[in-house]
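Remarks on the structure that follows.
The values are calculated or read from the model by the stated rules, or taken from the named source; none is laboratory data. Every value quoted in this text rests on a predicted model; they were computed, and no experiment measured them. Every residue, glycine among them, receives a Cβ derived from its backbone with ideal geometry; neighbour counts consider all protein chains shown. Side chains included, ligands, DNA and RNA excluded: accessible areas come from the protein's heavy atoms. Shrake-Rupley method; radii C 1.70, N 1.55, O 1.52, S 1.80 Å.
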Amino acid sequence: MTMTETGTSLWPIEVSPTESPVSAEQRAAILADPGFGRSFTDHLVRATWTVDAGWHDARLEAYGPLMLDPATNSLHYGQAIFEGLKAYRHADGSIKTFRPMQNAERFANSARRLAMAELPSELFLGSIEALVRQDRDWVPSGQEKSLYLRPFMISTEVGLGVRPANRYEYLLIASPAGAYFPRGLMPVSVWISDDYVRAAPGGTGEAKCAGNYAASLVAQAEAAAHGCDQVVWLDAIERRWIEEMGGMNLYFVLGSGDGARLLTPQLTGTLLPGITRSSLLQVASDLGIRAEEGRISVDDWREGCANGEITETFACGTAAVITPVGEVKSRTSGAWSVGASGTGPVTARLRQALLDIQTGAAPDTHNWLHTIC
Ligand SMILES: *Cc1c(COP(=O)(O)O)cnc(C)c1O
């Protein structure tokens with residue numbers, strides 16, 4: 001095993017570069033306007049787990065289709081988990097990722113919840129280092145551009161028996177990503193889902209698993225039918241407490257100016273513990289903004305917006321960093337606006353502060369950046 005400067009030992013990965021990489025001109029055209037999740041780099045990393053051999057055969061090879069037996073059990077029973085993180089090109093040419101060990105840890109937690117084999121963090125981090133090094137020319141430079149990394153794992157045992165599989169495949173793919181809001185930050189409108197729930201106590205809400213997303217799509221379609229961009233999920237028991245928005249966590253700004261403070265729904269076991277969410281608790285405190293985790297109901301949100309106590313609301317996650325919420329609609333609670341139109345000052349300040357750390361414009365005082373090359 002090789003050691004990085006941080007002392008983490010990395011899993012050895014056999015490198016077999018593709019014979020037919022995308023041409024430099026074609027790559028430049030893609031990087032000029034990458035969008036999100038549309039194009040993929042020349043390579044992927046994969047590794048296999050079996051009962052007998054554990055994790056083995058970790059290799060980097062050409063990006064391409066998988067060949068799966070139709071009876072592969074993840075296709076039927078959904079043992080499938082994923083992660084999402086970004087690599088940034090800094091002004092000095094170096095390439096860094098943001099808190100990758102947090103993703104490694106959450107990936108292992110997701111695996112445990114779905115009775116899958118846990119991926120060692122040395123292999124998680126080793127795969128990221130190998131792929132980003134190999135495909136470093138795919139990391140875009142420029143404002144809010146990055147290489148989005150998508151680690152995922154599926155069960156690959158063949159057969160229709162319902163039980164934890166005896167074979168898993170880990171894969172890492174990478175996709176260049178542009179600014180999430182190419183025309184500037186636009187507040188989203190949200191539909192509070194009174195009828196569908198994302199996660200219930202004892203369920204898989206805390207795991208980043210494919211099934212959570214499958215179960216969310218009908219509510220997302222309902223939101224769209226009501227003219228809203230995103231769904232806001234409530235707790236499954238009382239259908240009253242706000243949990244999160246689509247694939248992002250939520251923050252509420254109470255008060256304004258020097259008295260502004262932040263509230264984010266506490267992690268009850270049914271919310272996805274976002275790394276952006278936890279980073280913002282720290283960034284807020286660094287900026288002298290009081291931030292706490294607690295409970296907030298739909299009534300609190302509506303009344304707080306009406307009486308001016310709630311001045312801003314935003315969602316946060318790796319893909320979009322921070323997205324302001326502008327309009328709220330619900331079948332049972334009516335419709336209302338959050339604060340003034342546009343992006344509120346606290347939302348904008350936190351977004352810039354976090355982006356500055358991620359892109360190297362501000363000092364990395366918490367050692368969140370991991371240099372790859
Ligand atoms: C991934 C995800 C988030 C955000 O997590 P980050 O680590 O901040 O990217 C929030 N909610 C859900 C449901 C998610 O899947």
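Things worth noting here:
- Check on THR268, surrounded by fewer than 17 Cβ atoms within 10 Å (Cβ to Cβ) and among the β-branched types (Val, Ile, Thr): yes
- Residues (in contact (Cβ under 8 Å) with a residue 60 or more places away in the chain and open to solvent by 30 Å² or more (accessible area, probe 1.4 Å)) located in segment 115-147: PRO120, SER121, GLU122, ARG133, GLN134, ARG136, ASP137, GLU144, LYS145
- Test result for GLU292, over 21 Å from the mean Cα position of the chain (by Cα) and outside any strand (DSSP E or B): no
So that you can scan it fast, the table gives a plain yes or no per residue for (1) open to solvent by 70 Å² or more (accessible area, probe 1.4 Å); (2) more than 11 Å from the ligand (Cβ to nearest atom); (3) touching a strand residue (DSSP E or B) at 6+ places or on another chain (Cβ under 6 Å):
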{"position": "GLY203", "(1), (2), (3)": "no, yes, no"}
{"position": "GLN220", "(1), (2), (3)": "no, yes, yes"}
{"position": "GLN230", "(1), (2), (3)": "no, yes, yes"}
{"position": "ASP235", "(1), (2), (3)": "no, yes, yes"}
{"position": "PHE252", "(1), (2), (3)": "no, yes, yes"}
{"position": "LEU287", "(1), (2), (3)": "no, yes, no"}
{"position": "TRP301", "(1), (2), (3)": "no, yes, no"}
{"position": "ALA306", "(1), (2), (3)": "yes, yes, no"}
{"position": "THR311", "(1), (2), (3)": "no, yes, yes"}
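- Residue check, THR48 in contact with a His (Cβ under 7 Å, 6 or more places away or on another chain) and assigned by TED's automatic domain parsing to the domain that holds SER155: yes
- Residues that are at pLDDT 95 or above and under 20 Å from the mean Cα position of the chain (by Cα) number at least 1 in the following strands (runs of 3 or more DSSP E) confined to segment 315-373: 321-330, 369-371.
- Total residues in segment 99-113, condition open to solvent by less than 20 Å² (accessible area, probe 1.4 Å), among the hydrophobic types (A, V, I, L, M, F, W, C) and either touching a strand residue (DSSP E or B) at 6+ places or on another chain (Cβ under 9 Å) or not assigned by TED's automatic domain parsing to the domain that holds SER141 (or both): 3
- Looking across segment 156-198, the residues that are aliphatic (A, V, I, L, M) and either under 30 Å from ILE128 (Cα atoms) or open to solvent by 70 Å² or more (accessible area, probe 1.4 Å) (or both) come down to VAL158, LEU160, VAL162, ALA165, LEU171, LEU172, ILE173, ALA174, ALA177, ALA179, LEU185, MET186.
- Residue match in segment 290-297 (condition: out of contact with any Gly (no Cβ under 8 Å at 6 or more places or on another chain), at pLDDT 95 or above, more than 16 Å from the ligand (Cβ to nearest atom) and closer than 24 Å to PHE181 by Cβ): no
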